[in-house]
Every structure is written in C-alpha cells, then in structure tokens.
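Notes for the one structure printed next.
The values are calculated or read from the model by the stated rules, or taken from the named source; none is laboratory data. Note that the structure is a prediction, hence the values are computed from the model and not measured. Neighbour counts are summed over all protein chains in view; Cβ atoms, including those assigned to glycine, are modelled from backbone coordinates with ideal geometry. Please note that ligands, DNA and RNA were not included when accessible areas were found on the heavy atoms of the full protein model with its side chains. Shrake-Rupley method; radii C 1.70, N 1.55, O 1.52, S 1.80 Å.
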Amino acid sequence: MARDVRKTMIRSAALLFREHGIAGTSLADVLEHSGAPRGSIYHHFPGGKNQLAAEATVWAGSLVTRMLVEAGGPLEVVGALFGFWRTELTMHPQSGCPVLAAALAEAESGDAYQAAREVFGTWERAIADLLVGRGVAEERAVSAATLLIAATEGAVVLARAKGDLRALDRVEREMTRTIGHLLVDSA
C-alpha cells in the first residue's frame with residue numbers, strides 16, 4: 001500500500017512537472033493530484049521536493065527508454081517518439097517533457113537536473129546503439145542520436161507554443177529522411 005502511494009506520487013509529480021515545470025508545481029499540488037495523505041511527502045521523500053523531482057525524472061525517463069528499446073530499428077524509434085508526442089499533445093495540449101523540465105530546473109532542483117542529464121545520456125546511448133547495430137560508425141551514431149533527441153524536444157516545445165502539431169510532422173519527416181540516409185550510407 002505504501003509503495004503504491006509512493007509510485008502514485010512520483011507519477012503525479014512527473015505529470016504536473018510536464019505541464020507546469022518543477023518551480024510551478026508545489027508539493028501541495030502533488031498531494032492533491034495523487035490523492036496521497038498530507039504526511040506522505042516527507043515520509044516517502046525525506047529529501048523533499050528535490051528528491052521527488054529527481055525520482056519523477058528518472059521514472060519518466062525510464063518510460064521513454066523502454067519505448068526506444070522496444071521500438072525496433074532506428075526508423076521505428078523516430079516514428080515511436082513522434083507518435084508518442086503527437087498523442088500526448090492531442091490529449092494534453094499543455095504537456096511537455098518532464099525530463100526537459102528537470103533539465104531547465106537546475107537552480108530549483110539539482111538532483112532532478114542531474115537525473116535529467118543521466119536520462120538524456122541513456123536515451124542517446126540507446127539510439128546510438130541501434131544505429132551502430134545497423135553499421136553506423138560510433139561517432140556518427142552518437143551525433144545522430146543527439147540530433148534526434150534535440151529535434152524531438154524542440155518540436156514538442158514548438159508544437160506546444162504554437163498550439164498545433166505541424167512542427168512535429170515536419171521534424172519527424174526530416175528526422176526520418178536524415179536517419180534513413182545515414183542507414184543507407186552505412187550499408
């Protein structure tokens with residue numbers, strides 16, 4: 001039971017951070033969203049908001065990492081990433097990436113910032129490994145992985161700011177072309 005409360009609080013924090021950022025989300029907001037009892041924060045997260053933010057970042061990052069690993073090949077990863085964000089932004093137009101929120105929150109939550117650095121590194125490695133497995137040289141694979149993550153995050157920000165999904169569509173097309181050409185060149 002206590003474990004479920006903890007997991008629910010982490011999930012609620014990630015969902016709130018993606019819409020309001022870490023600074024814009026209070027512990028009271030997390031309690032209300034999760035339905036957790038008032039004393040739950042410091043019982044489950046003795047490090048307070050900093051610890052909760054770090055754990056929410058890791059949790060959110062692990063969901064995307066799993067998607068990257070399960071997607072199949074590099075082109076399927078592109079489709080999975082943009083498909084995920086298309087669905088998210090259709091259902092929740094003010095949504096964003098909680099890992100990006102943590103990366104932008106260095107001053108408020110050093111642990112979440114560090115967790116975001118690690119998550120982004122894990123994503124880069126997962127994508128690069130897929131590319132290397134398809135014959136792409138290591139250096140090019142890492143560069144392409146970085147580009148895909150940066151392009152995806154940027155497209156999400158643009159789509160959210162503009163209130164339409166065309167940025168996602170455009171960037172997905174370009175990333176599909178770029179990764180496709182990289183695979184052909186490496187064959």
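Here's a check for you: in segment 149-182, which residue that is farther than 15 Å from C97 by Cβ and small (G, A, S) is surrounded by the most Cβ atoms within 10 Å (Cβ to Cβ)? Filtering segment 149-182 for residues that are farther than 15 Å from C97 by Cβ and small (G, A, S), the one surrounded by the most Cβ atoms within 10 Å (Cβ to Cβ) comes out as G180. Being in a loop (DSSP other than H, G, I, E, B), surrounded by 14 or more Cβ atoms within 10 Å (Cβ to Cβ) and among the hydroxyl-bearing types (S, T, Y) is the filter here; which residues of segment 1-27 pass it? Within segment 1-27, T25 is the sole residue that qualifies. Residues in segment 28-64 that are touching a residue at least 40 places away in the same chain (Cβ under 8 Å), more than 17 Å from L15 (Cα to Cα) and either β-branched (V, I, T) or not in a helix (DSSP H, G or I) (or both): G47 alone.
Residues of segment 101-148 that are under 19 Å from G72 (Cα atoms), open to solvent by 20 Å² or more (accessible area, probe 1.4 Å) and touching an Asp or Glu at 6+ places or on another chain (Cβ under 8 Å): V132, V142, T146. Of all residue pairs spaced 6 or more apart or on separate chains, those with beta-carbon atoms under 9 Å, a first member in segment 112-123 that is within 8 Å of A54 (Cα to Cα) and a second member that is of a type in the set (S, T, Y) and modelled with pLDDT under 95 are A115/S109. Taking first residues from segment 94-106 that are without any contact (Cβ under 8 Å) to a residue 60 or more places away in the chain and partners that are of a type in the set (S, T, N, Q), the Cβ contacts under 6 Å between residues at least 6 apart in sequence or on separate chains come to V99/T57.
Which of the residues that make up segment 32-42 are surrounded by fewer than 18 Cβ atoms within 10 Å (Cβ to Cβ), closer than 24 Å to G110 by Cβ and at pLDDT 90 or above? Break it down stepwise before answering.
Step one: list which residues in segment 32-42 are surrounded by fewer than 18 Cβ atoms within 10 Å (Cβ to Cβ), which gives 32-33, 35, 37-39, 42.
Now narrow it down to the ones that are closer than 24 Å to G110 by Cβ: 33, 42.
Scanning segment 32-42 gives a single hit, H33.
Just wondering, is there one or more residues in segment 76-92 that are open to solvent by less than 40 Å² (accessible area, probe 1.4 Å) and either at positive phi or hydroxyl-bearing (S, T, Y) (or both)? No, segment 76-92 contains no residue that is open to solvent by less than 40 Å² (accessible area, probe 1.4 Å) and either at positive phi or hydroxyl-bearing (S, T, Y) (or both).
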